[in-house]
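The structure under discussion appears below in the form of structure tokens.
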Amino acid sequence: MPTITPNGRVLRPVILVLGCLTFLGYYTYLTSRPPTALYNDLFTSEDEASRKFIHNELGSKYVKFKQLQGAGFNNQAQEILLYHHLALQTSRIYVYQPFIWRPRGEKAEVPLSAFLRGPTEGTISDSAFDEVCPPEDVVRVKLVTNTESQWEHAKSILNSNDRCIVVEDWLFNWNYLASTGIHDIWPSFQKYLANHFKWSDNVLAIVDRTQTKLGLKSRGAPSSSQGSPYIAVHLRRGDFEDHCKYLNTTHQGFTTWGSLPLLRPATYPPALNTTDAASIMEHCYPSLHRILDAISKQARSRGNVRAIHILHDGAWDHPTVYLQFYKLSQALTNERWTTQHGWVGGPMLRVTQSADVPMERGERDWRVCVDVELARRAEVFIGNGYSSLSTQVVALRLGGDGGKVEDITLI
Ligand SMILES: *[C@@H]1O[C@H](CO)[C@@H](O)[C@H](O)[C@H]1NC(C)=O
Ligand SMILES: *[C@@H]1O[C@H](CO)[C@@H](O)[C@H](O)[C@H]1NC(C)=O
């Protein structure tokens, strides 16, 4: 029995545990430190490219939007892509701003070109805007309207002849993104994604390395290429339980592209009923049983797909997500279980997860982009219609790649 006297028998384990925690904390700090030198170089080259651009592009029209400052990566990325698309639709040069990297604070800026190349090509950075549009040349406008035709309204204002426009209100506010009004954007946005969506080389290098190491083969890759076709599942947990309860009190449906009518057949039944709290929770925070049923429905008839990659947000503050991953992978690799569920090709031979992505020092900021791209390249994607990561994947598959609705399930 340990006594309360601080003798060696009690103290030694305590010191050991404290030592381990300190080491773990230091290790996490080291590996999560951003690549500051690279980011500084990118800021400089963004600035130089923008200044060169404005001197060669006389007569162009510009637009700078009011953007989100510091929500999650996919919320910011989604908005940036929509604004860049709107600028192109109205023949204006998009003025891009840095990402705000929320985990490191409200003012932590990272260069956009480290993540997305599309919106940083043929555009200018915020740092060059004042030079090409001095304050006396700037016309300030508001775009938000309560009418049904929000998208047409915004385009008509930006179609003006004013050379320099600064938008003062927040067009892609949560209400607009949750409304059916955004469906008007899909036909042209689909083409935008096919022509202008590009990850940075940093992201693509990690994705390629991951596919090689985990043996995951892209949909549509030549049959001679290495790796196995795979299903990607997005397990959205973390802080989502509280978020889902909030969505229930406001009766919200799937976010952005998740609500497109063309995706209705992709929703795992029963259909979402936003006046029913149980239905919202079922889709927003599905049980593991429901997730397994949705996976079975896709995997059952695809005997050639024997690998599954699970994207999740498990972290030191959400450790139970790892337990859930473990339970899923136990079922999916169990021959008896898969036979019971009518799988023709046998159980999964390999189940991998976000934590298996081979990240090197300083690469942590790209983790979420890598998850999105791995899900985009999968044979089948099973995601959460309330999550902006999942709906971004869906948009890229359908819009960017001409993928099929049958290969998508929103739980
Ligand atoms: C859903 O919201 C209603 C109020 O609109 C509340 O009475 C109910 O308890 C909520 N259910 C859950 C599961 O949070
Ligand atoms: C949706 O849920 C509400 C409340 O539970 C219910 O009254 C209504 O019949 C449901 N609608 C459909 C289409 O199932």
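The values are calculated or read from the model by the stated rules, or taken from the named source; none is laboratory data. As the structure is a prediction and not an experimental result, all values here were calculated from the model. No Cβ is skipped: glycine too gets one built from the backbone with ideal geometry, and neighbour counts run over all protein chains shown.
Points worth noting:
- Single unsatisfied condition, residue 190 versus (1) surrounded by 14 or more Cβ atoms within 10 Å (Cβ to Cβ); (2) in the same structural domain as residue 403 (by TED's automatic domain parsing): (2)
- When we screen 290, 209 for residues that are of a type in the set (Lys, Arg), over 17 Å from the mean Cα position of the chain (by Cα), at pLDDT 95 or above and within 16 Å of ligand 1 (Cβ to nearest atom), the only hit is 290.
- Candidates in the range 108-166 are the residues that are assigned to a loop (DSSP other than H, G, I, E, B) and among the polar types (S, T, N, Q); of these, the one that is surrounded by the most Cβ atoms within 10 Å (Cβ to Cβ) is 123.
- In summary, residue 183 fulfils each of the numbered conditions (1) on the phi > 0 side of the Ramachandran plot; (2) modelled with pLDDT of 95 or more with the single exception of condition (1).
- Taking the range 263-281 as the range and being assigned to a helix (DSSP H, G or I) and out of contact with any Leu (no Cβ under 8 Å at 6 or more places or on another chain) as the test, the residues that pass are 264, 265, 277, 278, 281.
- Counting only strands (runs of 3 or more DSSP E) wholly contained in the range 294-395, the ones carrying 3 or more residues that are more than 14 Å from the chain's Cα centre (by Cα) occupy 307-312, 350-353.
- Residues of the range 206-256 that are within 16 Å of ligand 2 (Cβ to nearest atom) and part of a helix (DSSP H, G or I): 247, 248, 249.
- Filtering the range 260-287 to residues that are free of Cβ contacts under 8 Å to residues at least 24 places away in the same chain and either more than 13 Å from ligand 1 (Cβ to nearest atom) or of a type outside the set (Val, Ile, Thr) (or both) leaves 264, 269, 270, 271, 273, 276, 278, 279, 282, 287.
- Among the residues of the range 296-317, not a single one is surrounded by 14 or more Cβ atoms within 10 Å (Cβ to Cβ), within 16 Å of ligand 2 (Cβ to nearest atom) and in contact (Cβ under 8 Å) with a residue 40 or more places away in the chain.
- Condition check for residue 271: more than 16 Å from ligand 2 (Cβ to nearest atom) and of a type outside the set (S, T, N, Q): no
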